[in-house]
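The values are calculated or read from the model by the stated rules, or taken from the named source; none is laboratory data. Please read all numbers here as calculations on a predicted model, not as lab measurements. Neighbour counts run over all protein chains shown; Cβ positions are idealised from the backbone, glycine included. These area figures cover heavy atoms from the full protein model, side chains too; ligands, DNA and RNA do not enter into them. Shrake-Rupley method; radii C 1.70, N 1.55, O 1.52, S 1.80 Å.
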Amino acid sequence: MGTRVKVLNVFKALHRTRLDVFRDDNRALTAARLKINEEFKKNKNEASEENINKMIKIGSDVEAVLRQTVVQMEHVGENKLLLRPRESLLLENVPYCDQPRKKKS
């Protein structure tokens, strides 16, 4: 795959992740869009293949961090926050057991 295609794929992935992670938060959506566009424009004229590949790796890592670790919270009152996790962050719960299970030999 060509370098230009890889760069465009990372750019699109970052924007798709931004839309998912910051859904219903216009201020965060705008700030993330401006930052993504600013960083890509700033490095638009980079010619070094090695530097471009490093930046592609950084962009992919940033996209993964956003997708896997960022959660939304909303102020619902004084000293109260409402957590709004995305479906992709929810895992299967294992029931808690007060009595540890004995190992069978």
Q) Filtering region 1-11 down to residues that are under 17 Å from ALA64 (Cα atoms) and without any contact (Cβ under 8 Å) to a residue 40 or more places away in the chain, which residue is surrounded by the most Cβ atoms within 10 Å (Cβ to Cβ)? A) ASN9
Q.
Cβ-Cβ under 6 Å, sequence separation 6+ or interchain: first residue in region 59-87 and over 17 Å from LYS35 (Cβ atoms), partner modelled with pLDDT of 85 or more and assigned to a helix (DSSP H, G or I). Which pairs?
A. none
Q) Can you tell which of LEU14, LEU29 is modelled with pLDDT of 95 or more and either part of a loop (DSSP other than H, G, I, E, B) or open to solvent by less than 70 Å² (accessible area, probe 1.4 Å) (or both)? A) LEU14
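Conditions tested, residue by residue: (1) in a loop (DSSP other than H, G, I, E, B); (2) of a type outside the set (D, E, K, R); (3) modelled with pLDDT under 90; (4) at negative phi.
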residue	(1), (2), (3), (4)
ARG33	no, no, no, yes
PHE40	no, yes, no, yes
LEU82	no, yes, yes, yes
VAL94	yes, yes, yes, yes
PRO100	yes, yes, yes, yes
Q: Could you identify the single residue in VAL65, VAL76 that is open to solvent by 60 Å² or more (accessible area, probe 1.4 Å), part of a helix (DSSP H, G or I) and within 24 Å of ARG86 (Cα to Cα)?
A: VAL65
Q | Among residues of region 42-58, those that are in contact with a helix residue (DSSP H, G or I) (Cβ under 6 Å, 6 or more places away or on another chain) and either outside any loop (DSSP other than H, G, I, E, B) or open to solvent by 70 Å² or more (accessible area, probe 1.4 Å) (or both), counted | A | 2
